[in-house]
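Engineer: Handing you a structure now.
Just so it is clear, none of the values below were taken in a lab; they were calculated from the coordinates. Since the model is a prediction, treat every value here as computed from it, not as a measurement. Cβ placement follows ideal geometry from the backbone for every residue including glycine, while neighbour counts extend to all protein chains displayed.
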Amino acid sequence: MSEDSKNMNGLPDSEHFSDEEIVKSHVELSKNKHEPTKNFLIAPLVFVFVFGCLIFVCSIQLAHSTNSFQLHPPVEVVELTPEEKESQRLERKFSSGEKIFAARCASCHQANGLGIAGQFPPLAGSEWVSADPGVITNIILKGLKGEILVKGEKYGTSAAVNMAAVPISDREIANVSTYVRQAWGNSSDEVSEDFVKQVRADYSNKQDQWTGDELKSLYSTSF
Ligand code: HEC
């Protein structure tokens, strides 16, 4: 074994060991394998077993002491009465109408429904709002032009303060009309989608805006 055949650990290269030496050292190695840990392995196993039993016993105790504990308790189904369903439907319709009003009407008539004096008429307490539901429906569908009296005040005195048609669906008109007829102390009955559909069909040929006089003669019984 010459000096320069040693590897970088200072040990001789394995090719310079004889087969006999290699076999011998492997036998030595396999004999000593787990020797140092032999007596220590039992202890952790005992701990694991004891703690396992403890957790088991504790969970049984716990299950007993929490009476009727259920991981997935059955859901309680509450059936609504027809009256409750109806009031829920009306609430939803009203709050949908409130949102449509905020987006499509409040810029002129104001969120409080009081309008702006001399410019945009009030909807709170208005005789046009509490009249036949055909009036408000037609106003939204086609718009309104010319002079009108609302709560004794003149509006629509110039073309600049006419109201244009508001292009929204039958359902939206029903919801927003219902809201306007029931908000701010107004107390007229709701407007249905079918009713709006019918009004839209009845006056589908009308091109321009309504005038107050036209609506008054059309719905004369409700003013
Ligand atoms: C761009 C402004 C504007 C918008 C937006 C508008 N209006 Fe009007 N509205 C007017 C004006 C102006 C008049 C009065 C027109 C006239 O006298 O000729 C009027 C009149 C009315 C009237 C009859 C008069 C009264 O005070 O009761 C009703 C009802 C009405 N609007 C409801 C609505 C509803 C509901 C919406 C939303 C879907 C709406 N308006 C959106 C400007 C507007």
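Engineer: Longer than 24 Å from Cα to Cα, which of LYS93/LYS197; LYS145/LYS216; LYS99/LYS206; LYS99/LYS154 are they? Say none if no pair is.
Structural biologist: LYS99/LYS206; LYS99/LYS154
Engineer: All other residues with a Cβ under 14 Å from the Cβ of LYS197 taken together, and with Lys, Arg as +1 and Asp, Glu as -1, what is their net charge?
Structural biologist: Result for the neighbourhood of LYS197: -3.
Engineer: Find how much the distance from LYS151 to HIS16 grows on full extension, using 0.36 nm per residue of separation minus their present alpha carbon separation; answer in nm with one decimal.
Structural biologist: Fully extending the segment from LYS151 to HIS16 adds 36.8 nm.
Engineer: To the nearest 20 Debye, how big is the dipole of the stretch 84-223 about its Cα centre, given +1 on the beta carbon of each Lys and Arg and -1 on that of each Asp and Glu?
Structural biologist: That gives a dipole near 300 debye.
Engineer: Please give the calculated 222 nm ellipticity per residue for the chain, where each DSSP H segment of at least 4 residues contributes -39500 (n - 2.57) and the sum is spread over every residue; nearest 500 deg cm²/dmol?
Structural biologist: It lands at -15000 deg cm²/dmol.
Engineer: Rg to Rh for the chain: what is it, with Cα atoms only and Rh by Kirkwood?
Structural biologist: Ratio of gyration radius to Kirkwood radius for the chain: 1.74.
Engineer: Sticking with this structure for a sec: Can I get the semi-axes of the stretch 92-217's equivalent ellipsoid? Compute them from the C-alpha gyration tensor as square roots of 5 times the eigenvalues, in angstrom, largest first.
Structural biologist: 20, 18, 13
Engineer: Determine the dipole magnitude for the stretch 127-200: charges of +1 sit on the beta-carbon of Lys and Arg, -1 on that of Asp and Glu, nothing else is charged, the reference point is the Cα centre, and the result goes in debye to the nearest 20.
Structural biologist: Approximately 260 debye in magnitude.
Engineer: Treat each spin label as a single point 7 Å out from the Cα along the C-beta direction, and report the ARG171 to GLN198 distance in nm.
Structural biologist: According to this spin-label approximation, the distance is 2.1 nm.
Engineer: Let me ask something else about it. Okay, which of the stretch 148-176 sit inside 16 Å, backbone N to the point 7 Å along the Cα-Cβ direction of ALA102?
Structural biologist: 176
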